[in-house]
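See below for the structure under consideration.
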Amino acid sequence: MGKEERSSMDPTKKNWRQVLFLSVVGIILLVFPHIFTLPFPQHIMIMIFLYATLAQAWNIVGGYAGQCSLGHAVYFGCGAYTSSLLLIHFGLSPWLGMLVGAGLAVGLSLIIGIPVFRLAGHYFAIATIAIGEMCQIGMVNWKGGGGANGLYLPILDEGFYNFEFHTTKVPYYYIALAIAAVTFYATHLIEKSWIGFYLRAIKGDLDASRSLGINVARYKSIGLAISAFFTAVAGTFYAQYVLFIDPESVLPLMLSVLISLVAILGGVASVWGPFLGALVLVPLSEFTRTYLGGGGKAIDLMIYGALIVIIARFQPEGLMGLLKKFR
Amino acid sequence: MLTPEIILQTLISGLLMGCIYALVAVGLCLIWGLMEIVNFAHGQFMMLAMFLAFWMYTLFGLDPLLSLPLGAIVLFIIGVATYHFIIKGMLHTTFFAQIFATFGLGVFLHSMAQFLWTANYRSIQNPVLSGRLAVGNIFVGFPQMAAAAMCILGFLFLYWLINKTEIGLALQAASEDREAASLMGINSNRIFALGWGIGSACVGVAGVLLTNFFYIFPEVGFTFALIAYVAVALGGFGSIVGSFLAGIIIGLVEAFSGLLIDPAFKYFSIYVLYMVVIFFRPQGLWGRY
């Protein structure tokens, strides 16, 4: 993909352009909350960062390795529930809870990987759905974890240590931006490293990569573990941002589907695809919900659904493909 | 108390519900078998059939039993239209794009139903088929019995169509090798459209029959489609008989786990069953792939 393009261009010139582009984007994102001081645009940006992080994390295993996971809400929920329960019962700082949650999600992904990575195509996708649904049903029925009523996080003093800010969204904005940036940088590193090459080889031809001596099972697990880690981190962020979680908000199948949708519509197996997907889909969903979604009329979802069909039908490579066409 | 009567009662309820799951799964499987595309709007198609039956009853007093052929025909047309407008141009795209094209259609139809008819639960009052058969302490609802019987008949008809008629042979040929089939003079486009039509007509039949004893609301198709998706994988992609049997197995597992464990865990058991089966047979129980 784009190999000819890359080799034909002077590498130093290409690098220079990239640095310029990244700095411009970086500066815009850093000053954004000081120009748009109202909560609504800031909220939209925070949601874009959140979904960009989730889609990017999904991209590592779904895009590069081609394993269409439809159960990523499990890791999101794992992050959200772990940090929240640790905060409620032990008063542990959500930052530490975030690390514990991410660690647990990695462990969980290694266990989940054992049965699901033996499967291909739809069998794999359904297995991930099945695990996601099992986790949701489990949490709904686990009274100690809040059950179907969910968990209200305690309102603590505003501040970085407590990871709660009540008067302004700006700190949330920067935290979400930082999480997204780290995830993007990690994906960039993976893409360039031997892990990235192995993952793409697995996607390209499973048997060929196996015959070349790639330990397929191990690299799929590594990809999923990294993916689960960042998804769980985003889960903790969500819990601290909304201060309320329940199985319906952090574990539904719809969330898993949405995560992969953002990545796929943006363009898989590219660092910028998930960001582009989030940049288009999140504002679309937030604006239509705000202006058309009143009274349970669901016009917002109608537009959303129709748009998904149109993009998938006419731009199956995702929005990145569209961008390439115009370049 | 687990008396033999309760077990028998559960067995019968599970079987009857299983037959409905089975027909929904067979429709999904048929489309997949032809072109390896899963229709994620399958459940929403079923919901449309249910609303069709509801409005026919409410507006014209037409009993669901009478709107059954109408349901099959309308859904057939919807299936063909979906193929022509969305799927036809996507045969060579990625797995991802195909999933999301039909998924998006499902979201659209679901929210359209909510927009037009609100999220309220509706039901058909006093359909012709009502009441129940009592044998000792075992009760079997007539609507459920009729629905199961029609689903089995529908399946047998489909089985006959696919294995014994020229249309069926053309369907099989197109699913084996698209190019070779078109060299033999089979219009693969027409065959695929037909496959989408028949597959969707299956949920048309199942949906209309379901309205006799089930609530009608925009989200109703979601669970059914998910279960059908699991059933197709459990039975093995590509095997219509496998899908049908898996649908019935799922109905039984659902009923018995509701009885033995807790109704809250009935879907949980279905997923556990799927994971266990797939662990030992990654291609499903009767799958070829």
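The values are calculated or read from the model by the stated rules, or taken from the named source; none is laboratory data. Note that the structure is predicted; figures quoted are calculated from it, not measured. All Cβ positions, even for glycine, are placed from backbone atoms using ideal geometry, and neighbour counts span all protein chains on display.
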Looking at the range B:38-60, is at least one residue within 24 Å of B:ASN187 (Cα to Cα), hydrophobic (A, V, I, L, M, F, W, C) and buried (at least 19 other Cβ atoms within 10 Å of the Cβ)? yes
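Restricting to the range A:128-156, give me the number of residues that are in contact with a Ser or Thr (Cβ under 8 Å, 6 or more places away or on another chain), part of a helix (DSSP H, G or I) and of a type in the set (A, V, I, L, M, F, W, C).
Final tally of qualifying residues: 1.
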Scan the range A:202-213 and tell me whether some residue there is crowded, with 18+ Cβ neighbours inside 10 Å, in contact (Cβ under 8 Å) with a residue 24 or more places away in the chain, closer than 27 Å to A:VAL19 by Cβ and of a type outside the set (Asp, Glu). no
Hits in the range B:98-142 (condition: surrounded by fewer than 21 Cβ atoms within 10 Å (Cβ to Cβ), among the aliphatic types (A, V, I, L, M) and part of a helix (DSSP H, G or I)): B:MET112, B:LEU116
For the range B:181-289, list the helices (runs of 4 or more DSSP H) that sit wholly inside it and hold at least 3 residues that are surrounded by fewer than 20 Cβ atoms within 10 Å (Cβ to Cβ) and free of Cβ contacts under 8 Å to residues at least 24 places away in the same chain; which are they? B:266-280
Can A:THR236 be described as touching a His at 6+ places or on another chain (Cβ under 6 Å), away from chain B (no Cβ under 11 Å) and closer than 21 Å to A:TYR173 by Cβ? no
Among the residues of the range A:120-174 satisfying the criterion of being among the β-branched types (Val, Ile, Thr) and closer than 30 Å to A:PHE36 by Cα, which is nearest to the other protein chains (Cβ to nearest Cβ)? A:ILE155
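Quick one: would you say A:LEU99 is in contact (Cβ under 8 Å) with a residue 40 or more places away in the chain, closer than 15 Å to A:ALA225 by Cβ and more than 14 Å from every other protein chain (Cβ to nearest Cβ)?
The answer is no for A:LEU99.
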So which helices (runs of 4 or more DSSP H) stay within the range A:241-327 end to end and still have 2 or more residues that are more than 10 Å from every other protein chain (Cβ to nearest Cβ) and under 16 Å from A:ALA55 (Cβ atoms)? A:253-266, A:273-292, A:319-326
Just name the residue that is farthest from B:PHE40 (Cα to Cα) out of those in the range A:199-240 that are among the aromatic types (Phe, Trp, Tyr) and at pLDDT 95 or above. A:PHE237
Report every pair of residues separated by at least 6 positions or lying on different chains whose Cβ atoms are under 7 Å apart, first residue within the range A:104-115 and on the phi < 0 side of the Ramachandran plot, second small (Gly, Ala, Ser) and modelled with pLDDT under 95. A:LEU110/A:SER221; A:GLY113/A:SER221; A:PRO115/A:ALA127
In the range A:157-205, what residues are polar (S, T, N, Q), touching a Ser or Thr at 6+ places or on another chain (Cβ under 9 Å) and part of a helix (DSSP H, G or I)? A:THR183
Scanning the range B:216-247 residue by residue, those hydroxyl-bearing (Ser, Thr, Tyr) and either within 11 Å of another protein chain (Cβ to nearest Cβ) or closer than 17 Å to B:CYS19 by Cβ (or both) turn out to be B:THR223, B:TYR229, B:SER243
Return the residue satisfying two criteria in turn: it lies in the range B:91-106 and is among the aliphatic types (A, V, I, L, M) and either free of Cβ contacts under 8 Å to residues at least 12 places away in the same chain or more than 7 Å from every other protein chain (Cβ to nearest Cβ) (or both), and of such residues it is farthest from B:PHE40 (Cα to Cα). B:LEU91
